Amino acid sequence: MPDFSERCRLAAHTAHALIEQWIGRADLPADALPRLLAHFSDDFRMITTDGQRLPDGALPGLFARLAGSRPGLRIHIDELAVVHAGMDSALLTYRESHAWHGGATVRRATASFVAADDGRPLWQHLHETWAAGTP
C-alpha cells in the first residue's frame with residue numbers, strides 16, 4: 001500500500017481531473033458535484049489567486065457557479081513535490097496550468113491534506129497564487 005503522501009499525490013491528480021470536467025463540460029451527471037466535493041474536508045479553507053480567503057462553507061457554491069463555465073478546459077499539474085509527509089497529513093506544492101478556448105493561466109499552489117476516518121486523503125487547505133506572467 002502506498003504511503004499517505006503518495007496517496008495525496010494521486011488525490012491531487014484525481015481532484016484536478018474532476019475539476020477539469022466540472023468546469024470544462026456542461027453535460028455532467030447530477031452526481032458529479034457531490035463526487036467532486038467528497039475530495040474536500042468539511043472544514044476546507046482556501047486562499048485564492050488574488051489573495052482572498054474563501055469564506056467557510058463556500059466551496060459548494062463556488063463550484064456550482066463555475067459549472068461548465070470554461071468549455072474545453074484542460075488542467076495540467078506538474079512540479080508536484082511533497083513538502084511534508086506524516087502518517088495522516090501531507091503538504092504538497094505544484095504548478096497548475098489551465099488552458100481553454102480563448103485563454104490560459106498558470107498558478108502555483110500549496111495544498112494540505114488530512115486523512116478521513118477511512119484513510120482517504122482529503123483536501124484541507126489550498127493556497128494559490130498566479131505564476132509569473134499570468135494575471
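Please treat every number below as a calculation from the coordinates, not as lab data. Bear in mind the structure is a predicted one, so any value in this text is a computation, not a measurement. Here the Cβ is made from the backbone with ideal geometry for all residues, glycine too, and neighbour counts use every protein chain on show.
Numerical summary
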item	result
Region 1-42-region 50-110 distance, computed between alpha-carbon centres (Å)	11 Å
Rounded FRET efficiency, nearest 0.05, which uses the C-beta distance separating Ala116 from His76 and R0 of 30 Å	0.70
Separation of the Ala132 and Met87 label points, Cα + 7 Å toward Cβ, nm	4.2 nm
Formal net charge of residues neighbouring His101 (Cβ-Cβ distance under 13 Å; K, R +1; D, E -1)	+3
Relative contact order (%) - the chain, alpha-carbon pairs under 8 angstrom, separation at least six	27 percent
Residue-averaged 222 nm ellipticity for the chain, from DSSP H runs of 4+ at -39500 (n - 2.57), nearest 500	-8000 deg cm²/dmol
